[in-house]
Amino acid sequence: MFELFRRLNRTIFKKSYYLCTMKTRKVFKGTSLAGFNKSFQTDEDCYSYLAGIKWKGDSFVCKRCGNTHYCKGQLPFARRCTRCKYDESPTAGTIFDRIRIPLLTAFRIVFDMCISPKSMSSSKLAEEYGVRQKTVWEFKRKMLLALDSQEINVLNGTVLVSDLCAMEQDNGKSGIVLIAMEVLDNGEIGKAYGMMSDCLSSEHIQRFFEQHISTNAKVYVSKERDYEHLVSNYHMEKNEDASLVRQNFTHISNLRSWLFGVHRHILPKHIQGYLNEYYFRFNRRDNKALLFDEFIGLMMRNQPNRT
């Protein structure tokens, strides 16, 4: 009987310990600057947030030896492996690792990018936060690289396909931005995606279609383009519907104004990153409250680029 009680007490203790250590991750929701400033006042607040994303559910696994037990590390919210004594920071192995600006400033730049309808140039951000323009540009470039891993929902139903010319001002080299837009039942544009291409070759257009458009979709293209001769396995028609032509024109005009208005002198090699930023916000325009948390999560899942 004594042994039975001893085992029962041990089981209860283990379950109680698990429930105590299993913390619910804090998720920032909102688009107000006041709410953001209340949640993130110091670098430690930011480290705590990153730790919650990195080790959600208390799931620590040492990168060096695979041990799952840890104690408090030396750095803020770091975890030290109890076996090999390796200290791991919340920022280790992420885009936030070894950045040249305070973590709180980095969070504010991410938040600005999420809530600003027209984004902000690196020069304006540098002036706003009192850091060098090159430093901000390098951090923003890392942010845009993280968006390469965002989830892509293949477009179905009615899809508009269009393009716009992207011109490099220094030497005249040009590229083409391919755009696919989902048309909802109410006639409005749903999700959309853009891809930078060197030319309108069959290979590039086919890859764009396969990445972003379902083969079951009904695709409408501009009367000036002969995509049906360049792409296989898709049903395509010329766009002669006045409402669809208007939706196409409005979307392309807004994209062109944002792309070449806010980000002047942009080089074609950087355009894809800015397209990812534009459509990251555009496709989540009805759920802006979670933009910041999702963006931070993408940055936590990407390895830093040391080049």
Using a 1.4 Å probe and ignoring any ligands, DNA or RNA, find the accessible area of SER32 and quote it in Å² to the nearest 10. 60
Under the rule of at least 5 residues apart or a separate chain, name every residue whose amide H is placed under 5 Å from the amide H of THR158. VAL183, LYS218
Dipole magnitude of the chain about its Cα centre (Cβ charges: Lys, Arg +1; Asp, Glu -1), debye to nearest 20: 2100
Hz values of 3J(HN,Hα) by residue in the range 291-301 - Karplus curve (6.51, -1.76, 1.60), Gly and Pro given as x: 4, 4, 4, 5, 5, 4, x, 5, 5, 6, 8
Using a 1.4 Å probe and ignoring any ligands, DNA or RNA, find the accessible area of LYS63 and quote it in Å² to the nearest 10. 120
Listed residues GLU228, GLU138 arranged by accessible area, highest first, probe 1.4 Å: GLU228, GLU138
State the extension gain, in nm to one decimal, for the chain segment bounded by PHE60 and ASN233, taking 0.36 nm per residue of separation less the distance between their alpha-carbons. 57.7 nm
In degrees between 0 and 90, to the nearest 10, how far off the longest principal axis of the chain does helix 43-54 point, with axes built from Cα atoms? 80
Which aspartates and glutamates, if any, have their Cα less than 17 Å from the Cα of LYS238, not counting same-chain residues under 8 positions apart? ASP163, GLU182, GLU224, ASP226, GLU228
Longest principal axis of the chain (C-alpha) makes with the long axis of helix 242-261 (C-alpha) an angle, in degrees to the nearest 10, of 60
By its C-alpha gyration tensor, with a ≥ b ≥ c as the square roots of the eigenvalues, how is the range 191-242 shaped: rounded for a/c under 1.5, else prolate for a/b larger than b/c, else oblate? rounded
Row for the chain, column shape: gyration tensor on C-alpha, a ≥ b ≥ c, rounded if a/c < 1.5 i.e. under 1.5, prolate if a/b over b/c, else oblate; value prolate
Per DSSP H run of at least 4 residues, take -39500 (n - 2.57); add these up for the chain, divide by its residues and hand me the 222 nm value, nearest 500 deg cm²/dmol. -13500 deg cm²/dmol
Apply the Karplus curve 6.51 cos²θ - 1.76 cosθ + 1.60, θ = phi - 60°, to the phi angles in the range 74-86 and return the couplings in whole Hz, x for Gly and Pro. 7, 7, x, 6, 7, 10, 10, 5, 6, 9, 9, 6, 6
Take GLN206 and LYS29, extend 7 Å from each Cα along the Cα→Cβ direction, and tell me the distance between the two endpoints in nm. 4.6
Which of rounded, prolate or oblate describes the range 47-162 when judged by the alpha-carbon gyration tensor and an a/c cut-off of 1.5? oblate
Which pairs break 26 Å Cα to Cα here: LYS38/LYS124; LYS38/LYS269; LYS38/LYS140? LYS38/LYS269
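The values are calculated or read from the model by the stated rules, or taken from the named source; none is laboratory data. The shown structure was predicted, so the numbers you read here are calculated from the model rather than taken from an experiment. Backbone-built Cβ (ideal geometry, glycine too); neighbour counts: all protein chains shown. Accessible surface is based on the protein model in full, side chains and every heavy atom, while ligands, DNA and RNA are left aside. Shrake-Rupley method; radii C 1.70, N 1.55, O 1.52, S 1.80 Å.
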